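Report on the structure given below.
What follows draws every value from the coordinates through simple rules; no lab data is involved. All values derive from a computational prediction rather than experimental measurement. Note: ideal-geometry Cβ built from the backbone for every residue, glycine included; neighbour counts use all protein chains shown.
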Amino acid sequence: MKTSWTVHNPGRRFLTCKLYNPDLGMPGCNFFKWVDEDMSNWQKNVILELLNENKRLDELKHRKEEESYDQKLEKKIVELGVELEKIKKEKKKNKFIICLVFVVIFLLIGKLR
């Protein structure tokens, strides 16, 4: 049993040949029979509205997931920026210490002569 999701028969179930697969272009043996009775226009409209709402919610969820991912990336960028600044300060401090050590060594060598 398969379910139709066309605009004219949304959610309506039917029987068909096992070889029927329109996605693959396989018509099967042309056997076809509706299992459900035809719906009223009101029923069709409700189902179509629900399908559209479901699609809209899926798209909204996807956008929210992307926004959440973007926010996480932005937070990580800020954290890495802070870490980079710490490393730059440490590097500057280390350069100063190295220069100071060279000055002390130079003075000691000069004093020993």
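Overview of results
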| read-out | value |
| --- | --- |
| Chymotrypsin sites (Phe, Trp or Tyr not before Pro) within segment 21-68, DSSP loop, no more than 12 other Cβ atoms inside 10 Å | F31 |
| Candidates G81, G25, G11: whichever shows maximal mean-square fluctuation once the chain is modelled as a Gaussian network with Cα springs under 10 Å | G25 |
| Under 15 Å, Cβ to Cβ, from V7 - net charge with Lys/Arg +1 and Asp/Glu -1 | +1 |
| Tilt relative to the chain, helix 41-112 - C-alpha long axis, 0 to 90 degrees, to 10 | 10 degrees |
| Under 25 Å from K55, Cα to Cα: lysines that are on another chain or at least 8 residues apart | K2, K44, K64 |
| GNM result for the chain, Cα springs below 10 Å: residue of V78, V101, V46 fluctuating most strongly | V101 |
| GNM flexibility winner over the chain from L100, L60, L51 (Cα, springs under 10 Å) | L100 |
| HN-Hα J in Hz across segment 10-23 - Karplus 6.51, -1.76, 1.60, θ = phi - 60°, x for Gly and Pro | x, x, 8, 8, 8, 9, 8, 4, 4, 7, 6, 7, x, 5 |
| Label-point separation in nm, N94 to R56, each point 7 Å along Cα→Cβ | 5.7 nm |
| Set of lysines near K86 by C-alpha distance (under 30 Å), chain-local residues within fewer than 8 positions excluded | K72, K75, K76, K95 |
| q = 0.09, 0.10, 0.13, 0.20 Å⁻¹, the chain: log10 I(q)/I(0) [Debye, one scatterer per Cα] | -0.58, -0.63, -0.80, -1.08 |
| Distant-in-sequence amide H partners of G11 (H built 1.01 Å from N, under 5 Å) | S4, W5, T6 |
| Residue order, fewest to most beta carbons within 10 Å, for K2, K111, K91 | K111, K91, K2 |
| Likely footprinting exposure, T16, T6, fewest C-beta neighbours within 10 Å first | T6, T16 |
